[in-house]
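What follows is calculated from the coordinates using simple rules that are stated; it is not laboratory data. Owing to the predicted nature of the structure, the values given are computational and were not obtained by experimental measurement.
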């Protein structure tokens with residue numbers, strides 16, 4: 001005799017609410033078998049699979065729920081959201097457009113559409129969908145939160161902060177908004193506020209994965225790697241097959257935890273479809289774990305697989321780099337622009353630039369160890385304002401240089417009252433040297449030079465998320481980008497002779513005491529002994545170099561590429577000899 005559907009439904013929901021997702025799934029599955037016309041059970045089985053870490057298995061259950069009852073709005077929403085979470089955004093968007101023709105709750109569907117567009121990387125379109133939603137429903141806290149996230153991705157930090165704060169005014173104890181706000185605060189250098197926001201998110205929802213991820217990230221940036229690893233492991237208990245989470249955890253794994261993380265990664269690989277970005281992350285996690293064990297051949301093989309898959313999913317736009325380089329250098333081909341009556345910049349800007357993974361973080365730690373210097377990290381403002389000028393094809397004259405200067409200064413983070421100089425260590429500012437000197441004639445520019453083969457190895461073994469770093473997943477693209485870097489630097493040195501101070505990475509790590517004195521002299525600072533002990537600098541580090549700069553300076557990374565020469569052969573072959581005559 002069949003069990004009454006209400007009894008089964010109550011039992012399954014009770015198990016679900018208590019976090020017993022496997023039990024809830026079994027009960028819902030039994031309910032679906034006994035009552036095949038009850039769409040509720042199919043939908044709940046799918047939800048239990050999602051919460052149990054099996055979102056791909058959930059899709060069939062949601063589809064079955066819709067087939068049983070085509071008007072099951074909750075199952076429709078769950079299907080679209082799960083497809084989006086798995087990166088199947090085209091399928092999700094096609095479904096949402098069909099639902100929009102049949103349903104009246106456009107606020108929910110516009111929100112789901114914005115989510116899918118966001119995951120697909122179409123942030124401008126996602127923001128447009130949310131603008132439409134919020135015009136009709138201005139107090140939709142969830143939509144404000146998502147728009148804040150999208151605005152942050154678009155570089156609209158101030159507007160993103162306003163959206164997060166508006167959302168929190170409506171839902172002050174929202175774990176997801178607090179977790180998202182924590183990321184923005186950390187990137188603004190407000191680390192204590194960021195930590196407090198992430199901690200509150202986790203206190204309110206101890207099993208909320210995003211809150212745990214944000215907390216672990218911030219703990220790591222603030223130098224507490226032990227606490228960070230413990231938090232990542234807590235997050236893995238909730239989502240054991242999350243590819244990005246496994247990669248983040250593998251990156252700081254200890255010998256005691258490596259075996260557990262590797263077992264989870266192997267299990268996730270068995271579940272993951274071929275050719276997905278998630279599969280790329282899992283191979284890269286395996287590479288990190290192999291590297292930690294000293295298995296160079298194994299790590300190289302996994303990096304080849306993972307990076308190839310990432311490049312397949314996120315190709316690099318080489319044509320854009322060529323266009324932008326030609327446009328930039330043409331802008332400064334004639335006499336460099338100069339502003340009249342420019343007051344001294346206080347605090348004085350020190351721009352530390354070079355290739356990613358060339359040592360810019362270490363240089364910042366050396367300089368910001370001085371009590372009068374503020375380490376601002378990688379500020380995006382020069383890149384943003386330069387790109388605006390290039391896209392608008394605006395001539396660089398006195399007015400546009402002042403606009404550039406005002407925009408950059410207006411976005412600087414708060415600094416202590418005694419600050420005499422600050423460091424902007426955005427590596428990619430090597431492309432923006434002309435713009436820097438146009439807006440800040442008194443700026444100090446330190447260009448970091450490191451063996452490109454060591455740079456390439458380090459980039460090859462680091463997983464970067466930003467679109468501008470997609471070249472690091474393909475060795476031919478890396479060689480192209482590094483050749484372009486040398487072309488930029490040779491051009492700037494001709495246009496601005498004597499203004500660019502080169503710091504050799506190998507010289508610095510070989511004698512940090514002597515080289516830190518030279519750096520202090522270039523920056524007009526009185527040398528202090530803390531500058532020769534940058535690993536003791538307690539300021540937060542928000543880059544991939546966090547582990548290295550927390551250790552005493554050494555030469556162990558010099559020439560490391562030699563052990564991986566076979567794996568780097570495509571890159572080395574692609575370097576232009578005339579640009580790298582000293583190799």
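For region 457-533, evaluate the Debye formula with one uniform point scatterer on each Cα (no solvent term) and list log10 I(q)/I(0) at q = 0.18, 0.24, 0.25 Å⁻¹, rounded to two decimals.
-0.95, -1.00, -1.02
Quick one: grab Rg to one decimal and Dmax as a whole number for the chain, Cα atoms only, in Å.
Expressed in Å, the Cα Rg and Dmax of the chain come to 25.9, 91.
For a distance above 35 Å, tell me the whole-number percent of Cα pairs in region 5-257 that qualify.
18
Taking 8 Å as the Cα distance limit and 6 or more residues as the minimum spacing, I'd like the relative contact order of the chain as a percentage.
Details: 844 pairs, mean separation 56.0, N = 583.
Reported as a whole number, the value is 10 percent.
List the extent of the Cα atoms of region 318-574 along each of their three principal axes, largest first, rounded to whole Å.
53, 45, 31
Calculate the length of the line joining the C-alpha centroid of region 290-325 to that of region 205-273, in whole Å.
Here the two parts' Cα centres lie 22 Å apart.
In whole percent, what relative contact order does region 318-574 give with Cα contacts below 8 Å and a gap of six or more residues? The partial results should precede the final answer.
Working: 347 pairs, mean separation 72.4, N = 257.
That works out to 28 percent.
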